[in-house]
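A quick write-up on the structure given underneath.
The values are calculated or read from the model by the stated rules, or taken from the named source; none is laboratory data. If you're wondering where the values come from, they're calculated on a predicted model, not measured in any experiment. When we count neighbours, we look across all protein chains shown, and the Cβ atoms used for this are built from the backbone with ideal geometry, even at glycine. What goes into the accessible areas is simple: the full protein's heavy atoms, side chains included, and nothing from ligands, DNA or RNA. Shrake-Rupley method; radii C 1.70, N 1.55, O 1.52, S 1.80 Å.
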Amino acid sequence: MVDYLIYVILPQVLHGLVWGTVIAFIALGLTIIFGLMDIVNFAHGEYYMVGAFMGYTVMSVIPNFWIAVPVAVVAVALLGLFTEFVLFRRLYGRDPIFHLLLTFGLGMMFREAAQLIWGADTRRIEAPVTATIEFIGMVYPVYRLLILGIGICVILLIWYVLRYTSVGAKIRAVAQDRTMAWALGIRVPVIYTSVFMCGVALAGFAGVLMSPINFVYPTMGIDVILRAFIVVVIGGLGNIMGALLASLMIGEIEALASIWISPTIAETLVFIILIITMIVRPAGLFGKAER
Amino acid sequence: MGKLNSGSNITRVILFHAVVLAVLAILPLFLSTYHQKLAVEAIILSVFAMSLDLVMGYAGIATFGHAAFFGIGGYAMGVMLKFLFPSIWLGLILAGFCSAVLALFVGVVSIRAKGIYFAILTLAFAEVVYRIIFHSYNTPLGGSDGLVGVPTPMLGLGPFEINLKSTTNFYWVAVAFAYLSYLVCKLIVSSPFGSILSGIRENENRVPFLGFNVKWSKVTAFVIAGAFAGFSGAMFTAFKSYADTEQLSFLLSGKVIVMDLIGGIGTLIGPMIGAVVITVFESIISTHFAAHNIIIGAIFVAVVIFMPKGFLGLFAKKDRNE
Amino acid sequence: MKRLLAVALIVVSAVLFCFQAHAANEIVVGCISDLTGTYAALSKQQVDAVNMAVDEINKSGGVLGKKMRVIVEDSATSVSLGTQKLERLILNEKVDFVIPPTTSSAVLAMMPVALKHNKLMMVTLAQSMKITGENKNKVTFRCFANGEITAKPQVKWMMKNLGKKYYIIGADYAWPRSTAEVYTKFLKEAGAELIGETWFPLGNKDFAPYFGKIKAAKPEVLLMICAGNDAVSLASQVKQYGLAKQMKLAADGSFVSADIIKAHGNNADGIIIADFYVDTLNTPENKTFVKNYLARTKELPSKMALSSYEGVMWVAQAIKQAGSTDTDKVVKALEGSTYKGPQGSKKMDPVSHQSSLDVYMIKIENGKYKVMEKAN
Amino acid sequence: MFFEVKELCRSFGALQAVHNVSFTLDEGTTLSIIGPNGAGKTTLFNLITGVFQPDSGEVTFKGARVTGMPPDKLCHKGIARSFQITNIFQGLSVFENIRLACQGRKATRRMFSHVSKLKEPIEEAEKILDLLGLLDLRDTRAGTLSHGDQRYLEIGMTLAAKPSLVLFDEPTAGMTPMETKATIALINKLKGMVTIILIEHDINMVFAVSDRIIVMDQGSVLAEGLPQEVKANEAVKTAYFGEEI
């Protein structure tokens, strides 16, 4: 019994934790952007993809992972700035369904453009750390633990910025009531642009960080976007803490469920959890009541 | 709407319908068989797009899972034709029934959620359906290989039989199918029930105080839309001789929203045009340009930015009081 | 202005729509390929190889005195687009035969269409057993391997050299499932013990959660059945978590096919596969083929490229033999015919329309294929 | 008793929005509810019309218990309300707004026939438009009407359900003095035809139309009686009129 706990359950809990952090990374930007500007960003996965490809490109010139990461993040942020400035800006205040259409089209363009620029092959980025450690009878790659660590740091940082800084207060003010915030002298368009940049930069960051594990290819965004959406919705759209908890929950459920049931059923289970969550709490598990 | 009463208008409307139908009817004489096939596909998809307009354009409910009903209809038709009884009519009945039942279930369960939450719920339901069928390996449904080799039966019309193996015949049948569906949907939206739906779209909170049950009105609209999506899915399968999981995928759900928005929602005819435009356009662009997704994506983006009311909006008269 | 643009757009599309090239005295090959989507990389190889075959044929004087021409259509990994494109090629472009795309479901849906229009299809990439099995039809042939061809010799070899306890892990969709069935059948016949299976969803990213269960089952051989990015991820995680220390690794050929071998890096080292072709095959015909392909595309050919090349060549040979491009005659000529290409010589089964193929046991070493022996 | 509210309570967290409110109403009379902002007047309306469920208490209408019944059912029973903040269908025409309201009373009959064939609702809608003086604007999009006209439309939609009990929530909010006068005239016209409960800030209007008045403060009934009694009540004077008169 104790053996079962230590050698079967515990490693799965760890997997779930690491995997949950990874999902949270992608979901965070999505939920921040929605919470602030009501944009349902279907192209979020494509920013994640661009981040990974940028990392790959830098790595092929300067083979140093820790240079590639900031360059890629900045590049994606600039792409975010450009798209926000040229496209999203024109849509504020319109029905979210238009954002959906816009990001749907944008995603198609990004995917195809990536295929034109980099080709359709799967690329690899070597992990900067390849060591493994022995851990309760399980060999565990250090790089994954590193991601877990970085993830926790980034999440704490975001939480700190939003909660305790004046920028964070402004962002929360705009999210609460855009008109009022504007009247109080907060420059709403600047906040929008910068938050959008940060949101997609987070996706780009996740893209490079994950590329040693998930590899780099043009359609990689599609593979993550649904999962990220589920997490964001279960957590309550726009609710950062909710998205975090939901990510960990989904990671753990999938990891633990796969001990006993087939992984495909576990994956479907995630959707069923989503459905049940939303029936019981229509605004998400951790969401406020109707907005 | 009140204007529909006047006599001259009715004559004009009838005349207009007659002309459009006549043009559609003689169109195949000028089209190659391939173009006819493309036209049939586009026409069938136009009914699918129109069915979404009932909920999205009239009741103002966004749904990301509409493909589920299309796909289920397709599979129902496939199962009917391949394994049960080779009759299009029975296939349509089964398809409409299955899709409507699914829509009823999804609707009743999720109608309490509003806006984007409802949309995500429908997406989740559609994904569950998709996964169940995708992994139904070793069942007659064929899992990810799809249900292939669906026979094309004769279409019995009383004493007559129409050979649907002829593309031109199927084209006419598809036009009739689309036209009838349009008429029925048009009647629905211009009925008292349709007014309730517009009321819900405009101001959901006021509607109950006028004596209407919002929840059931929405569910009814959802079920009707689901049934029509099922019908069009069934026709799609009958025409293409296969049912595939692609018909259930969230990408198709996204695409049909795009079709509606491009055509102009809340008009019924707009989404139909949108579906035809996108289907034909996709076919042309992917044949003549290597990077076709960039072009199609750019068109979506341009539509959102420059034509928020869709294609019809460009040609519509300016709103009376704007 | 906007109205004008919209109208212009419609006019341009209408013109494009009606535009048709007319084939005169030539043989037209329709190549439908999944150039966008998951299979884009190997689909590009398909197109390159088909073009290369046609160029070579034309350089040596064409077929029956006619030049060959290729029309490429992108089916974008979509069944509906695939069937639509097939209809376009057959009805509007009047192609003489078709090389269909990778997606099995699309090929399965296209088969009845090809049969209806009586147009020959040479399948060069799709792997579903059904294509030459329960769904086989008169006009569809395949010169690519299906699970049965490679599984049988591989099982024999593995039983002799690797062990008797097997665990299968694969992606949960039709092709890996049916391939696993074939493996299971042969393994059972050979007296092996199948101690577990894990089926993960397509596009899965994290495999670590399944490894505990696999290790606990203590198999001697882990047999992996998936392709593309799933395979790349799985191999890298199998390496990271050190599964190779406790068991031998084997896989279906597509697990390390040439479109992803570079992405594997050294992660796939030690994996045993059975396959009908790798670029390192040591025959003079293959060396010429690899050299030409490399010169043309700057890439090493995959088995998909080889198969597409051979598929076109084989049909061309049959057309020559039939003396006509008439489908019925070419089908007759293909059935039971033999063809000798870069990969070796093979025979087309007259009933199933599945080509026979030489199979080699291959081990991955340093990210490259090492041919160990011919296995059948 | 035609309409009775008995010990109705509802709190939101620590706030007792409505506390032990009781009153009765005879058919054909007009009752006004006045009180400072936040006195719980609109919450009381929301409790009566089924927007919120009361924590305790009872509402009876024509002898039947209607506590917490959903709005659509109440509408069928003959209770209709208007809203303080204009609550109309902005995107529909004035006529469509009223016609939709007219057809609500007979819920499901002929649900799928063409709207232009619905003789009764159309005639009624035109009658109501005439009553409101909006006939000239019938095809105008409601969202583009002036504020006053939107308020009239709001009242019209409430009347369209042919209720026997109407709850008006500040019908004159934001109206010009001229429009207010017209509204007073309209309500006087309605008196006797229907029973009215009115929330109103315009004191002149309240005394001009009411048969009885309830004064609410902090969720409870402060005073109740005939207009002149209320006017004379000292407690009311300090709590409410003190500043305003």
#### Entry: chain C: relative contact order in percent, alpha carbon pairs under 8 Å with at least 6 residues between
17
### Query
Given a 1.4 Å probe, how much area per residue of chain C is accessible, in Å²?
35
### Query
Tell me, what is a quarter of the convex hull surface for the C-alpha atoms of region C:29-143, in nm² with one decimal?
6.7
#### Entry: Rg/Rg_ref, region C:148-275, where Rg_ref = 2.2 N^0.38 Å and atoms are Cα
0.94
### Query
If R0 is 25 Å, what FRET efficiency do you get for residue C:194 and residue C:160 from their C-beta distance, rounded to 0.05?
0.90
### For region A:33-129, alpha-carbon Rg and Dmax in angstrom
15.0, 46
### Task
Show that you can apply the helix-only estimate: for chain A, add -39,500 (n - 2.57) for every DSSP H stretch of four or more residues, divide by all residues, and state [θ] at 222 nm to the nearest 500.
-25000 deg cm²/dmol
### Query
Based on the Cβ-Cβ distance from residue D:234 to residue A:95, what FRET efficiency comes out when R0 is 51 Å, to the nearest 0.05?
0.40
### Considering only region C:240-356, percent of DSSP beta bridges that pair antiparallel, nearest 5
60
### Task
Please provide three numbers in whole Å: the alpha-carbon extents of region B:113-225 along the principal axes, with the largest listed first.
53, 40, 19
### Query
Hey, if you put +1 on the Cβ of every Lys and Arg and -1 on every Asp and Glu Cβ in the protein assembly as shown, which of B:24, D:44, C:351 ends up farthest toward the positive end of that dipole?
C:351
### Task
Only Lys, Arg, Asp and Glu count, each charged at its Cβ (+1, +1, -1, -1), so figure out the dipole size of region A:2-280 about its Cα centre, rounded to 20 debye.
840
### Task
Using only C-alpha positions, report the orientation-averaged shadow area of the convex hull of the protein assembly as shown, nm², one decimal.
52.2
### Query
So how strong a dipole does region B:161-228 carry about its Cα centre when Lys and Arg Cβ are +1 and Asp and Glu Cβ are -1, to the nearest 20 debye?
120
### Which of A:118, A:218, A:82, positive extreme of dipole for region A:2-280 (C-beta unit charges)
A:82
#### Entry: Accessible surface of region C:148-275 [probe 1.4 Å, protein heavy atoms]: carbon and sulfur percent
52
#### Entry: Estimated buried accessible area (total), pair C and B, 1.4 Å, Å² to nearest 100
3600
### Summary
On each of the three principal axes the extent of the alpha-carbon atoms of region C:216-277, given in whole Å and largest first, is 32, 23, 16
### Task
On a 0 to 90° scale, report how tilted helix D:94-103 is relative to the longest principal axis of chain D, with both axes built from alpha carbons and the result rounded to the nearest 10.
80
### Query
What total accessible surface area, summed over both chains, is buried at the interface between chains D and B, computed with a 1.4 Å probe and given in Å² to the nearest 100?
2800
## Note on the structure
Taking a ≥ b ≥ c as the square roots of the eigenvalues of the Cα gyration tensor, with a/c under 1.5 meaning rounded and otherwise prolate when a/b exceeds b/c and oblate if not, region B:243-296 is oblate
### Query
Can you give the accessible area per residue of region B:31-251, in Å², using a 1.4 Å probe?
29
#### Entry: Rel. contact order, % - alpha carbon contacts under 8 angstrom, at least six apart, chain A
37
### Packing-based ranking, highest mean first, of C:80-89, B:10-19, B:65-74 given that Cβ atoms within 10 Å are counted
B:65-74, C:80-89, B:10-19
### Query
Expressed as a whole percentage, what fraction of the accessible surface of region B:63-210 belongs to carbon and sulfur atoms when a 1.4 Å probe is rolled over the protein heavy atoms?
72
## Note on the structure
Taking Cα atoms, the helix D:119-132 axis meets the longest principal axis of chain D at an angle in degrees (rounded to 10) of 50
### Task
Provide Rg over Rh for chain C; use the alpha carbon set for both Rg and the Kirkwood Rh (inverse mean inverse pair distance).
1.00
### Summary
Excluding residues fewer than 8 positions from residue D:41 in its own chain, the lysines with Cα under 16 Å of it are D:6
#### Entry: 3J(HN,Hα) from dihedral phi, region B:219-235, Karplus parametrisation 6.51/-1.76/1.60, rounded to Hz, x for glycine, proline
4, 4, 4, 4, 5, 4, 4, x, 4, 5, 4, x, 4, 5, x, 5, 5
### Task
Let me know the volume per residue of the alpha-carbon convex hull for chain D, in Å³.
130
### Task
Quickly rank B:156-166, C:102-112, B:257-267, C:259-269 as a protection proxy: mean count of other C-beta atoms within 10 Å, highest first.
C:102-112, B:257-267, C:259-269, B:156-166
### Rg in Å to one decimal, and Dmax rounded to a whole Å, for region A:77-215 via C-alpha atoms
19.3, 60
### Summary
Rounded to the nearest 500, the 222 nm mean residue ellipticity computed for chain C from DSSP H runs (n ≥ 4, each -39500 (n - 2.57)) alone is -14000 deg cm²/dmol
### Descending Cα extents along the principal axes, region A:82-142, whole Å
54, 30, 18
#### Entry: Beta bridges per DSSP with both ends in chain C, % antiparallel, nearest 5
30
### Amide hydrogen neighbours beyond the local backbone of residue D:25, cut-off 5 Å, H modeled
D:2, D:3
### Task
Choose one answer from D:14, D:161, D:232: the residue with the largest mean-square fluctuation in a GNM of chain D with alpha-carbon springs under 10 Å.
D:14
### Summary
Here the whole-number average of other chain Cβ atoms within 10 Å per Cβ of B:195-203 is 6
### Task
Please state, rounded to one decimal and in Å, the Kirkwood hydrodynamic radius that region C:297-343 gives when every pair of distinct Cα atoms enters the mean of 1/r.
11.5
### Query
When Rg is the radius of gyration of the Cα atoms in chain A and Rh is its Kirkwood radius, what does Rg/Rh come to?
0.98
## Note on the structure
Shielding of A:9-15 by other chains, given as the mean Cβ count within 10 Å, works out to 3
#### Entry: Size of charge dipole - the protein assembly as shown - debye, nearest 20, with Cβ of Lys, Arg +1 and Asp, Glu -1, no other charges
1840
### Message
How large is the convex hull of the C-alpha atoms of region B:31-251 per residue, in Å³?
### Response
119
### Summary
Among C:242, C:200, C:260, the residue whose Cα sits farthest towards the positive end of the charge dipole of region C:148-275, when +1 is placed on the Cβ of each Lys and Arg and -1 on the Cβ of each Asp and Glu, is C:242
### Nearby aspartates and glutamates by direct alpha-carbon distance to residue C:245 (threshold 13 angstrom, same-chain neighbours under 8 apart not counted)
C:220, C:269
### Query
Roughly what % antiparallel, to the nearest 5, for the DSSP beta bridges in the protein assembly as shown?
45
### Summary
With 0.36 nm assigned to each residue of separation and the Cα-Cα distance removed, residue A:129 to residue A:5 gains 41.7 nm
